[in-house]
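Below is one structure, written out as structure tokens; the observations come after it.
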Amino acid sequence: MNVKELIERLEMDYKGKHGLKAKVLDVIERKTRVKDDQKLSWPLTLLYEQYSSSSNNTTTSSKSRLVYGMGRPSSSSSPSSSACSRALWSGKFEIDSRTGFVPWSRPVTSLPLAFARWEQALATATIGGQVSLADLDHTQTGTSSQKWREDIAKAPVLDITPLEQDPALLRRAHHVLAFLVHFYVHSTPPDPSTTSILIPKSLAVPLVNVSQKLAIAPVLTFADTVLWNHEIIDHSLPLTRANIRPLTLFTGGPDEANFYGCCAEIELRGVEALRAIASFYDMVSGPGGKGEGNGEKDDEGNDADIDEEYILEQAAECLKIVAGVIHDLSAILQSVREICDPHAFYFAVRPWFRGSDAAGPTQQAHWSQPRWVYEGVSESEHQKLELSGPSAGQSSIIHTLDIFLDVDHQNSGHQTEEDDKSSTPLAPSACPHAKLASTSQNSISSSSSPTSRCPQAATLATATTATVNLKLPNGEFMTRMRRYMPGSHQTFLEQLTAYTHTESQRRSIRQLASRHPDRLMGPYNEAVLALKHFRDLHIRIACLYVVSMSRKANGVPLHGGGANTGMPSMCPAMRQRQRQLEPVRGTGGNELSLLLKSCRDATSRTVLQAN
Ligand code: HEM
């Protein structure tokens, strides 16, 4: 049987049972990237056989059904049983069943001719290497950068109407313009006579217009640097990390490319968790999905009750899949240490990411940390602009896992006295410079005493303890980071949150696990602890790549010292900026240690406690 024949058979066999047919087709699409007349390999034929018999027979292995995202058994041909999966993969949210939040379609690598001016400016900045970071521009003349900026300042404001109907073109336009804005700002030598920097209207106006269409922030985002920043190396092969390379880099170096690659791999690996989550919601959302014998009938008049045993088995299976994926995400995150040098990351890559508020929300604007002013954008509109810059905190897959597992970054719910005990100050153990008191990756409480002699670790610990009574920054940060995601992904996360928490939270896996602790508390906590472990690891990495490096920056010589010391040399503005940035801050100016610790602790608090 070839694919075409199989589809015809499905058309006949599943007439009127669209949900199941769509599911089978989806599996086929995911499992094969084949031409119509290509012969099917045996697993697909088997799959077809399996599901053609399962439409009348519910004895097919439930485990394989969940793995393939096939929903629940009896009455499973009812359309509502797969409504979640269908909605998820429908295209409405721009989420693909093979690549998740990374668009499946071949990325546009160049805009139409009318926008050649933008593409040319980007090519000059990247390929020509003429536009360098002002911080590290030892000559302080930066003549080629200056010429490049002058050309941009003189350029006309282009009308984006020709791009509006095509999301792929809009994405490319956002990518190009946002990179140009960051190239422009960070190649500009600091000017002590002013506390703001003007971004010319030739960039600012179209970027704001394109961003409105995409419902995304008008600044460089995770989407620009990761989701939309790749070209396929071999078109006959699937979209995997090994088969993509970044389109645009600030530095042109492998450290930056590998950082983006690592983030992209996390997105791609996360797709299996997305599929398992969708299957879980399919199961609990269909008629009878409350896991109680409620006597409901499905659309075909069948008894809609489904076996509670089945629900619990499937929920446990789903949690197992999710935990396994998160463990893989940690391994991918850890791999960054081998392929991205912390010095290169901190001194050569990260400075390009800084947004308008890197000094912190309450900090006065300073010439070394100027506020961005978008020329040609009205004052009232300007106030609403989100200009923080890119962060992996904008990764939708991590937000999805938080929602599914019910991690409460707002610190408003499911906190008990017991939970409080697990919310500890940022363990210095999180820092690679600390001698780890606690070695257990999965321990709920990380209450290791701050015994480290490492100044970085001490600062982290002090900062945390001193601010323990202040409002935690993670809720606000995570909410704000959503505004830097493409609008369709924001909508998905909003709807997922609403969907999980409506109707007395009957779709919340946390609630289900707390109602059935004997069956689900173990698998649930395993998934949550996997996420906590991811965040522990992430704190160590942030400490190594950002906190430690910022301390080293104070020892970095001014002009000329870089070549001999292996460290880049800094211009005075960078020194000044270092001082301005104490304590170490992340995207949006949040105090880094507090922020990451709060996210990790919110995850710890999610763990269910045995009564
Ligand atoms: C060298 C690698 C990395 C470094 C140095 C790093 C650093 C940071 C920093 C400094 C923050 C604070 C906010 C900000 O400044 O953006 C942050 C937040 C965050 N990062 Fe990373 N990151 C790295 C890799 C990743 C990867 C690969 C992911 C996964 C996609 C990730 C996910 C997150 C998330 C979800 C947050 C929000 C806080 C949280 O949920 O715990 N990071 N990261």
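A few notes on this one:
- The set of residues in the stretch 332-348 being near the ligand (Cβ under 9 Å from one of its atoms) and either part of a helix (DSSP H, G or I) or under 19 Å from residue 589 (Cβ atoms) (or both) consists of 332, 333, 336, 337, 342, 345, 346.
- A single entry from 531, 520, 537, 544 fulfils the requirement of being more than 19 Å from the chain's Cα centre (by Cα), within 10 Å of the ligand (Cβ to nearest atom) and at pLDDT 95 or above: 544.
- A single entry from 203, 237 fulfils the requirement of being open to solvent by less than 10 Å² (accessible area, probe 1.4 Å) and touching a helix residue (DSSP H, G or I) at 6+ places or on another chain (Cβ under 6 Å): 203.
- Any hit, the stretch 168-182, residues being under 24 Å from residue 232 (Cβ atoms) and charged (D, E, K, R): yes
- Residue match in the stretch 575-584 (condition: at pLDDT 95 or above and near the ligand (Cβ under 10 Å from one of its atoms)): no
- Within the stretch 590-611, residues that are crowded, with 23+ Cβ neighbours inside 10 Å and hydrophobic (A, V, I, L, M, F, W, C) have Cβ atoms under 6 Å from residues that are outside any helix (DSSP H, G or I) and modelled with pLDDT of 95 or more in these pairs: 602/407, counting only partners at least 6 apart in sequence or on another chain.
- As a summary of the residue check, residue 313 satisfies the conditions (1) within 16 Å of the ligand (Cβ to nearest atom); (2) surrounded by fewer than 20 Cβ atoms within 10 Å (Cβ to Cβ) except for the one numbered (1).
- Restricted to the stretch 360-411, and to residues there that are open to solvent by 40 Å² or more (accessible area, probe 1.4 Å) and within 16 Å of the ligand (Cβ to nearest atom), the residue that is modelled with the highest pLDDT is 392.
- Every residue from the stretch 108-128 that is among the small types (Gly, Ala, Ser) and open to solvent by 50 Å² or more (accessible area, probe 1.4 Å): 110, 114
- Criterion applied to 247, 274, 268 was being open to solvent by 20 Å² or more (accessible area, probe 1.4 Å), assigned to a helix (DSSP H, G or I), touching a residue at least 12 places away in the same chain (Cβ under 8 Å) and touching a strand residue (DSSP E or B) at 6+ places or on another chain (Cβ under 8 Å), and the one residue passing it is 268.
The values are calculated or read from the model by the stated rules, or taken from the named source; none is laboratory data. Keep in mind the model is a prediction, meaning the values are calculated, not measured. Don't worry about glycine lacking a Cβ; one is built from the backbone with ideal geometry, like all the others, and counts go over all protein chains shown. Protein only, heavy atoms only, side chains kept; ligands, DNA and RNA dropped before computing areas. Shrake-Rupley method; radii C 1.70, N 1.55, O 1.52, S 1.80 Å.
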